[in-house]
Every structure is written in structure tokens, then in C-alpha cells.
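Throughout, read-outs are computed from the coordinates displayed, never taken from laboratory work. Everything quoted here is computed from the prediction, not taken from an experiment. So basically every Cβ, Gly included, is an ideal-geometry build from the backbone, and we count neighbours across all protein chains shown.
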Amino acid sequence: MSDPRRIVLPLTDEMVAELRAGDRVLINGRLLTARDAAHKKMVALLQQGGRLPVDLKNQVIYYVGPTPAPPGRVIGACGPTTSGRMDAYTPALLATGLKGMIGKGFRAPEVIEALRRHRAVYFAAVGGAGALLSRCVKAAQVVAYPELGPEAVHELIVTDFPVVVINDIYGGDLYREGRRQYAVHQ
Amino acid sequence: MGFLRTLDCQTVVEVTSRLCREANFVLEPDVLSAIGQAKEREVSPTGRDILAQLEDNASLAARDRIPICQDTGLTVVFVEVGQDLRLTGGSLEEAITAGVRDGYQKGYLRKSVVGHPLVRENTGDNTPPVIHWRLVSGDRLKISVVPKGAGSENMSALKMLKPAEGLEGVKQFVVDTVSVAGPNPCPPLVVGVGIGGTMEKAALLAKEALLRPLGSANPDPVLAEVERELVDRINALGIGPMGLGGRITALAVHVLAFPTHIAMLPVAVNLNCHALRHKTAVL
């Protein structure tokens, strides 16, 4: 395992070009959260010709629905949710300038192709490590769709938030490559 | 006829509330031990690193009383009601529901339930739970709270096999289900398998199988052998912790079987992530 590289958002084309499947990355800066309901609303808005409530240009979306913050804490548990549920909406958001997504699990071939076309990257965080990941979140506030509760769009300020690159712009796919490396043919 | 033992529903509310919180904050020792052993056996450095993070996550969650995972689940509750027990002060189903509502509120747990699967508006309090009832002998009440996350539940599957497909057909379906799921259900997994009965019986067996303590042997020697082979075949897939590659994809496979029809061979596979959360109380 190579040492993780530290990056500071926003994510530029140059930074994306340097990331390869398998790279461990510590993310610093501002993440936006969105999951099923927020994606549905945002894409419906784009289809109607509207403007998104948050500008996604050079931004990274984290697929998460945190637990409520207990008293004295910034946020509750906040690990990644399964990304595949957002696949239907992702190409439309990438077209607006979104540069990265953090989640866990497979992406559809159309999303992987859209990553190459729009020069964006897909990261995974450790699923089920919601307590540990909450320590990287220094501030959190709702910035859109408060009516969605845990599915509202939050802005998270994170420090050294650990992720790994799954899909890069060169067709690299860590899920495929990692599995191939360790599969035992019987 | 003697006097029936009585139990007040308010006690059920309080106990269910506590079980919801404990299940979400504290992993059982058998699960922690299975993750620890997996870390020893995993050959992938990335896999070992992830398993170590899961151990750290569990300690932090228990210490600070925050959820192990942000998906604090749809609350599944297994209830065994002793037929000689008399409940007072309300309805048992309402008491369990009220306990879930209270536990998810007081524990700052996420409310993840929509009131209608098509309309999809959040109920705001994580109710209703999914309750599985069993009437048993005796005068006790046993409540097991099993918060079930969507990541692993969504990759679960059921198939009505032809009897001619036999044991190999069953094994192949289990392995294929895990293979297709890949990284999505947060491996390393506990794989619950239900074989036999009817469609719904197989599904329920698969979920009940998850509750057997990890590391315990299946009392049925035939099923114990099936479990051993399935663990090996699943771990040969190479999926590994979080799907990043490795030799530990399943912490365990648990199989339950039930008599079935001469023309049927149902098999259900209920996947659970590494955070196998459950807490039980006997009142």
C-alpha cells in the first residue's frame, strides 16, 4: 500500500488527471452531501431548465445520510451509502461540472463512461465505519432541501477524510482489479 | 388453573427502546471476535487495514455512544411470547412500536422508514418496525431487536429451485448472490441461508440464521458441512473487505432448513454487512 495523498478541494481537472484507481486519498475542504431524494429533486430541476440550489462545478458529492448530531457533536455517524442507487441521476450532474463522488459499491457502465467523458472520479469510503468517519467532519450545515431530513443536502467541512479511488478517467476500476488479484480459481 | 404471570406493557416500551440503542452502539463480542480473526487471516494489506478500521469504529461507537453505522436500519424485531404470560396496560404490538419510536429519538438514531413504498414519505420516527411473532411455551417474553441496513438487505435474494437442482443448485445460488453483490453489501458478510418451507418461510429462515452466534457450529452435521464449503467458495471469489480485493468476503455462512413440498426447493439468501447488530432481552 502506498502512502495516502492529501488533497484540498475544490477538485480541478488537473487533480482528477493525477488520480488512479487504487490511490488512497485524504480529502480536505468542503463536501456536499446528497442521496436518493436530493438527486431526484436536482435532476428534475435540471430537466425543467432550472438552476440547482448549490453549484456543483468542481465539487465532490458524498453519498451519505448522517444520523442526527447528539448534543455537543458536529454530526452523528456518517459513513457512505450504496452509490448504485444514484446511477440514474449521476450523468446529468456530471454534465454540470461535478468532479467527484464518494460512496461505496458498483457504478453502472453509463456512469463509468460519463466519468471519462466529463473527467471526474469515483471514490469509496469504508462502509459501516460511520463513527470513525464522523471524526473527520469539523462542521456541518444544511444548505438545501431541509425538508428531506436525513436526505437534505449538507455542506461538510472535512479534514483528512479517507477514501480510495475506485474509478478513474483512464478506465481503471479497483473493484475489478482488486477482485482479480485475490480470486482463487477452483 | 394457576395464576398467570403478568407483565406491564410499559416495561416492554422501555426495554425495546434500550435494545434499539444498544444494538446500534455496541457490537456483540462474537462479531468483534470474528472481525479480529478475519484480520489475522486476511492476506490483502488493504483488507487488513479496513478490518482494523472496523475494530476502531466499533470501539469508538461503544465508547462515545454513537451509531456504528449511519444506516441504523429498518427495525426488525423477533418476539417470542410465552403462552402463559398475561400482558397488561395495552397492546404488545403498540408497546414494541412505541419502544422503537422512543429508542430512535433518544439515541439520535437515523429515521429511515418511509410510510408507503411508492409514495415514500419519511414517517419521522423509524416506525413501524417489522415484527416476527412466535408463540412459545412458558411465561416469558423474549425480544430481539435487529436493525437491518439497506445496503446488505438490497443485495439479498430468493429463488424457487427445482428439486432436481439439489444441493449443488443451492450452493451455486448462494455463491452467485454474493458474487453479484460484490462491494455493495459492505463485506465481509454474514450470509444467512434458508432452505425449504415455502417462499416466505425460506426468507424468514435466512434472517433467523443471522442470529446464531458467530463461531458456533451448526447442530445439523449436513448443514455444518454445507456451511464450511460455502465459506470457502465465497472467500475464493476474491471480493474481500469492502470489495477492494482479499480473501475474507464472508465472516460466516449460517444455514437453516425446514421441511418442504415434494415439488419445491426454495432457497433464500439474506446478506448482512460486517456490522451484524442485534440485542436480546428476556422478560
* With +1 on each Lys and Arg Cβ and -1 on each Asp and Glu Cβ, how big is the dipole of region A:1-158 about its Cα centre, in debye rounded to the nearest 20? -> 180 debye
* Structure fact -> So for R0 = 35 Å, FRET eff. of B:Thr280-A:Ala69 from the Cβ-Cβ r, to 0.05, ends up at 0.75
* log10 of Debye I(q)/I(0), alpha-carbon scatterers only, for region B:151-276 at 0.10 Å⁻¹ -> -0.26
* Asked: What is the sum of charges around B:Thr280, taking Lys and Arg as +1, Asp and Glu as -1, for the other residues whose C-beta is under 13 Å from the C-beta of B:Thr280?
  -> +1
* Whole-number percent relative contact order across chain A, with pairs defined as alpha carbons under 8 Å at least 6 apart -> 29 percent
* Rounded to 5, the percent of DSSP beta bridges in the protein assembly as shown classed as antiparallel -> 55 percent
* Take the Cβ-Cβ distance between B:Val114 and A:Arg5 as r, set R0 to 41 Å, and report the resulting FRET efficiency rounded to the nearest 0.05. => 0.55
* Proximal charge balance of A:Gln47 [Cβ under 13 Å; K/R count +1, D/E count -1] -> +3
* By how many nm would the segment from B:Arg5 to B:Glu225 lengthen if fully extended, with 0.36 nm per residue of separation less the alpha-carbon distance? -> 74.9 nm
* Asked: Given the convex hull over the Cα atoms of chain B, what projected area results after averaging over all orientations, in nm²?
  -> 16.4 nm²
* Across 10 Å bins from the origin, how do the percents of Cα pairs in region B:83-177 run, short distances first? -> 12, 30, 25, 24, 9, 0
* Calculate the mean, over all residues of peptide A:150-158, of how many other protein chain Cβ atoms lie within 10 angstrom of the residue's Cβ. => 1
* Too long at a 20 Å Cα-Cα cut-off: which of A:Lys40/A:Lys138; A:Lys57/A:Lys138; B:Lys106/B:Lys279; B:Lys162/B:Lys201; B:Lys148/B:Lys279; B:Lys148/B:Lys207? -> A:Lys40/A:Lys138; A:Lys57/A:Lys138
* Asked: Reported to two decimal places, what Rg/Rh ratio describes the protein assembly as shown when computed on Cα atoms with Rh from the Kirkwood expression?
  -> 0.98
